[in-house]
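Some notes on the structure that comes next.
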Amino acid sequence: LKSLELLVLSRSWPDSMLMRQKHVGCLALAAMVSLGSSECSMKSQLVCDAQVISGLACSSDKLLEDARVRGVLACDSSLDCQQKCLDGIGQLGLPVSQNRSLCSIKEQLMAQYSGHPSIVVNFTEDPTTKLKKAILLPSSLAGASPVPVTSYLGDHQSCLLGDGMQYCLAEGSLGMGKLQLVGMLGLCRPEACSSEEVLEQVKPVADLMALQDFQVSCKSLGESKPQPLWTAGQQAALVFFAAILSSLVIGTLVSLQKSGPSSSQLSSTETGGPCSRAKAAALGFADAWSLSRNFASFLRVRPEKLGPNQPVLGVLDGLRVLSMLWVLLGHTVIWPLLSIQYENPGMILPPHGRLTEVWFQIVPGGYFAVDTFFWLSGFLGARTLHSKVRRSPRLLTAKGFCLQLYPGSIFARWLRLSLIYAFILIFSQTWYRELGRGALLWDAKFPGLKPGGSGGCAFSIDSDSCKEYWWSNLLYVNNLVPKSGGGGCLAHTWYLACDMQLFLLVPLLVLLRERAGKAAAWTALTLLTLASVLATAWVTATKDEVTDPVLGNLGGGNFMQDVYEVSWLRAPPYLIGVGFAWLLDNWWLPSPSAQRVAPTLLLQGAGHDVRPSTDVSFKKSTVSDVEQGRPAAGRTPLLITGSSGAQEAEALQQTSRLQRVSLALLVQLASFALMCFVVFIPATRYRCSSLLACAAVETAPWSKAANVLYPSLSHFAWGLGLGSLMFLCFIQAPGTWWINSLFGHHNWQIPMKLTFAAYLLHPLVLVFFYCVRDGPVRYQDSTLVLDFVSFAIFVFTFAFVLWIAVEKPLANLTARVLGLIGMGGGDA
């Protein structure tokens, strides 16, 4: 009682007392437990806090010399007052007295190096006893708009450098409403403590944080560094890598020799008998691996313009590179939310984070970059197959289609994608985990995290289920297998699975268009697109999930598995790409002389002075019409004789040009507006009262109807807007010069060649740099810029190495094999 009165009377607490105010709840807990004899105990740390605070209170000269304090304690000297102060506090049950030594510096350092959940105490009145009861709450969950902070890692490096200290990481799953997160607590303990002892003693804090399935792992500075496991798979992978390296060396030397004085001798072996043909085949194999040849191919660019009578497709180069960078930007921000956590998640998550701001939607909007890839794949796949069947009409017969076109195009596409894909898969399953062994978060288990189970920090690259289902990646069904959503290998390659599954439709649509006619093909394409839109609406309505890639997958959400990664629900952009390939094909019709004539709009957009017809639709006259001076069907003559006729023609020309320019600009603006709308409108769905409110359909700002309509129509809208804009660029419509100049510049062709390798590699780079850290990421706008630029440089640098050493040589060999079996040029 005297000690309590002492605390009331004192007015001048040391500043350090205020610094430890967060441990008020811990003191209350320490007062109810007995002192443990082992320093491994959580109790000993609480005792240390109690002793430090009590020692500070009872060693203040100003306090001990105060007359009122001396009167309460009935003491004369400062030493006597200090002893009675400690004894009085000890009588309350706290482990403090004049005969007990206070907490040592080492014990205090261990307490400081450990992670501490910021605790607040809520005093509520018991309805029965009317007593004030203390309820301890983590500060991140105590406010009106809680955002979970689930990682308290402390100072990992300082603990390991301390004398006789070790760092223990306690981790488990943390449930918060519908959210399932990962909770972590770093503990600095003496080296004599075992993991089992710490695990037993950490239970009170684990219960306070509501951790489930938690586990503890400890390590000290004196432990030997982890050694490679040297599994059979790792050894086989090393042999495989050595074979590739040897092929590069031999191929480069042979290529240099062929370009030297003895090149004539090598070229003479290309003709002759079987022995000579074998030598030629060996030289061809070696040439495919030549670094000098492949580097020259890397620097080679196409002409910026193939001619005035061909569509300008160079704009697709810049589109692919910028889309890849957009994907990288989104993953740079989103990936820590789903794995290692942010130190300040409230800066990103609702209700007050960056996601609520319109400008920041450019980051999660990177998900539409995947729709861009779908559109490109459908567009290029349809164009390539149409070109192939027109060169070889026999492929449209029943025998030609069933035995050549359909299996050949699918096999060619599988072979072109799978070789470099398999290389990344082999590396990720053998040596990738060895890169970060020993790092704090890299070795963490992340229990309960979905997808991936307990696959650790690199769960998105190599989860537990990957060992069993690796084959699903090479068969491009990894978005469907396993059905439990375990993540499998290289989780980001769900896109490749969807793309391959959607490509199965393209040869069928090409056959339908070439044999049954355009009307039948357009009808089938429209019905397929409509079916995909309706299926998405049905699934999202019945699953009752928040249809957002961030909130719908944060913790235990299944939106990615149920909707986002399902090929038939992601089909609209792909099918729209096929449709725009058909539109472009209709635009460039062959003339009797087998040449193609540029439309009037194209020549006007390029700056040519061409007299158009009065028809404002995008049509063109044939060569014979122009040369013979007669009008095309439905058009007025291009040239009108006579002075009045010339004036009328000039007026018609000006009117028609204005109409065409206006129409082109209107379509551009509408396309931009549609694409911007689907990217930026989600800002309104993040403006809720709390994170939990945003993560539940019932309490989210959007109605259930909007929650269903957005995923059903947004991908369709993006594909339609992108296709319309690209089509205008292809035909060089007025007002598109700046897009063609920016996206279609020849310098984009070089990084464009690296986009596939960059897509495969970028999660490996992100995961590595995030997981070798010693603590959570702290979000800042400036840090985001630096991280994104750094990641982009690393990703494209590694992609270049992979391209020139693996992807391009294998592509050279693939082209030779497909050419020998008559399947070359099968797909885009």
Are any of the residues in the range 367-386 under 21 Å from the mean Cα position of the chain (by Cα), within 30 Å of Gly183 (Cβ to Cβ) and in a helix (DSSP H, G or I)?
-> yes
Go through the range 425-445 residue by residue and tally those that are open to solvent by 60 Å² or more (accessible area, probe 1.4 Å) and either among the aliphatic types (A, V, I, L, M) or assigned to a helix (DSSP H, G or I) (or both).
-> 2
Report yes if Val546 is within 20 Å of the chain's Cα centre (by Cα), assigned to a loop (DSSP other than H, G, I, E, B) and not small (Gly, Ala, Ser), otherwise no.
-> yes
Test result for Leu692, in contact with a strand residue (DSSP E or B) (Cβ under 9 Å, 6 or more places away or on another chain) and either open to solvent by 10 Å² or more (accessible area, probe 1.4 Å) or in a loop (DSSP other than H, G, I, E, B) (or both) = yes
How many residues of the range 454-483 are under 22 Å from Leu504 (Cβ atoms), open to solvent by less than 30 Å² (accessible area, probe 1.4 Å) and modelled with pLDDT under 90? The answer is 1
Those residues of the range 339-357 which are farther than 13 Å from Tyr779 by Cα and surrounded by fewer than 22 Cβ atoms within 10 Å (Cβ to Cβ), in sequence order = Pro351, His352, Thr356, Glu357
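Yes or no, residue by residue, for (1) open to solvent by 60 Å² or more (accessible area, probe 1.4 Å); (2) within 30 Å of Gly233 (Cβ to Cβ); (3) part of a helix (DSSP H, G or I); (4) in contact with a strand residue (DSSP E or B) (Cβ under 6 Å, 6 or more places away or on another chain):
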{"position": "Val389", "(1), (2), (3), (4)": "no, no, yes, no"}
{"position": "Lys399", "(1), (2), (3), (4)": "yes, no, yes, no"}
{"position": "Leu403", "(1), (2), (3), (4)": "yes, no, yes, no"}
{"position": "Ser409", "(1), (2), (3), (4)": "no, no, yes, no"}
{"position": "Ala412", "(1), (2), (3), (4)": "no, yes, yes, no"}
{"position": "Leu415", "(1), (2), (3), (4)": "no, yes, yes, no"}
{"position": "Phe423", "(1), (2), (3), (4)": "no, yes, yes, no"}
Restricted to the range 648-670 and to residues being modelled with pLDDT under 90 and among the β-branched types (Val, Ile, Thr), the residue least open to solvent (accessible area, probe 1.4 Å) is Val661
What about Leu709, is it open to solvent by 10 Å² or more (accessible area, probe 1.4 Å) and without any contact (Cβ under 8 Å) to a residue 60 or more places away in the chain?
-> no
Filtered residues of the range 719-732 (kept if modelled with pLDDT under 95 and open to solvent by 20 Å² or more (accessible area, probe 1.4 Å)) | Gln732
Looking at (1) outside any helix (DSSP H, G or I); (2) under 23 Å from Ile420 (Cα atoms), which is the only condition Ala815 fails?
-> (1)
Could you check how many residues of the range 263-314 are assigned to a helix (DSSP H, G or I), buried (at least 16 other Cβ atoms within 10 Å of the Cβ), of a type in the set (A, V, I, L, M) and modelled with pLDDT of 85 or more?
-> 4
Residues of the range 487-510 being hydrophobic (A, V, I, L, M, F, W, C), buried (at least 21 other Cβ atoms within 10 Å of the Cβ) and part of a helix (DSSP H, G or I), which ones?
-> Ala491, Trp494, Leu496, Ala497, Cys498, Leu502, Phe503, Val506, Leu509, Val510
Answer residue from the range 757-788, given it is under 15 Å from the mean Cα position of the chain (by Cα) and open to solvent by 40 Å² or more (accessible area, probe 1.4 Å) and is modelled with the highest pLDDT among those = Phe788
Test Gly735 against the stated conditions and say whether it is farther than 24 Å from Thr332 by Cβ and surrounded by fewer than 22 Cβ atoms within 10 Å (Cβ to Cβ).
-> yes
All positions within the range 188-227 that are at pLDDT 85 or above and closer than 16 Å to Lys445 by Cα = Ser195, Leu199, Gln215, Val216, Ser217, Cys218, Lys219
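The values are calculated or read from the model by the stated rules, or taken from the named source; none is laboratory data. Bear in mind the structure is a predicted one, so any value in this text is a computation, not a measurement. Here the Cβ is made from the backbone with ideal geometry for all residues, glycine too, and neighbour counts use every protein chain on show. All accessible areas refer to the heavy atoms of the entire protein, side chains included, with ligands and DNA or RNA removed. Shrake-Rupley method; radii C 1.70, N 1.55, O 1.52, S 1.80 Å.
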